[in-house]
Amino acid sequence: MISLYDDGDLKPADRWEHRFHFDTRWRFLPRTALLVHFDFALVEFPTKGDNYANPSQMPMRATVGLAGLLTRTLSFNVVAGYGDSLVESGDSYRSGIAQIELTQRFPSLGTSISGGYKRDFRTAHVFRYYGEDRVFLAAGQKLLNDDLSINIRAEYSFLGFGEAVEATEGQGASQTTVGQEDRRKDHRIRISAGLGYDILDYLGIRFQYATVLNISDFRYSAGTDSAGLVQYGPSSEFTNHQVWLTVLFHY
């Protein structure tokens, strides 16, 4: 995966990523299966900032879990394991990761309701990584003999960031310039809605919209002025709108 930014200020966030993963499932009871997952990635940031460089990472996750039915209509998915961001230098994420999800289906109505909790981590620009604790609730509805599907989902995440990267030596830039002030917490809300229709047995179309609101009191520092006062750059708060259009072909 290659991520590139048009904005010059964000060019240091450009990254190249090679992903590898392994998954297996073993059904040892009629209603229960054992899940085993492992993934590993090579992450490089090819562009340096004015006074810093994002270190390479090799994020790794290993989990085991169970999935199955508690009743004919109530299913569960429980996964736990370990994650390590394996940052080339400095602070790394090293902690447990997990997911718990319950789904209740109402077959006569074509309705499903699910909710749960997930703990994971992600690679981050400037701050090396962030850990995420997320709770979510979703609902789905099928109509027209299950050809038409409608879904909505709401999520809240608490984000905890790693330490900021160190400033490049020899350029007279302090760590404050690249954001050394604590950015230990952000709050993120994501709401999405989707619509899908199966045109034929082997052809379907899906449309989904999501809005993401990041709430944070952190502002990037732009150094100090002649009087020694800290000058602040842009806020890390943002609102993001996302749209997907997917065509599915089954064969």
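Quick note: the coordinates plus some simple rules give every number you see, no bench work behind them. All of these numbers come straight from a predicted model, not from anything done at the bench. We place every Cβ from the backbone using ideal geometry, glycine too, and count neighbours over all the protein chains shown.
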- [ ] Could you list which residues have their amide H under 5 Å from that of ASN51, counting only those 5 or more apart in sequence or on another chain, with H placed in the peptide plane?
- [x] none
- [ ] Please report the relative contact order for the chain, taking Cα pairs under 8 Å with a sequence separation of at least 6, and give it as a percent rounded to a whole number.
- [x] 11 percent
Open item on the list: Can you tally the net charge around ASP120? Count Lys and Arg as +1, Asp and Glu as -1, for every other residue whose Cβ sits under 10 Å from the Cβ of ASP120.
Closed with: +3
Task: Full-extension gain in nm, ALA139 to LEU35, via 0.36 nm per residue minus C-alpha separation - done: 35.0 nm
- [ ] For the chain, set up a Gaussian network in which alpha carbons nearer than 10 Å are linked by springs, and say which option among PHE28, PHE161, PHE218 fluctuates the most.
- [x] PHE28
Open item on the list: Along each principal axis of its Cα atoms, how long is the chain end to end? Whole angstroms, biggest number first, please.
Closed with: 71, 35, 32
TODO: Take peptides 129-137, 8-16 and line them up by average Cβ neighbours within 10 Å, highest first, as a rough protection proxy.
DONE: 129-137, 8-16
Task: Selected from GLY140, GLY204, GLY68 as most flexible by GNM, with the chain as the system and alpha-carbon contacts under 10 Å - done: GLY204
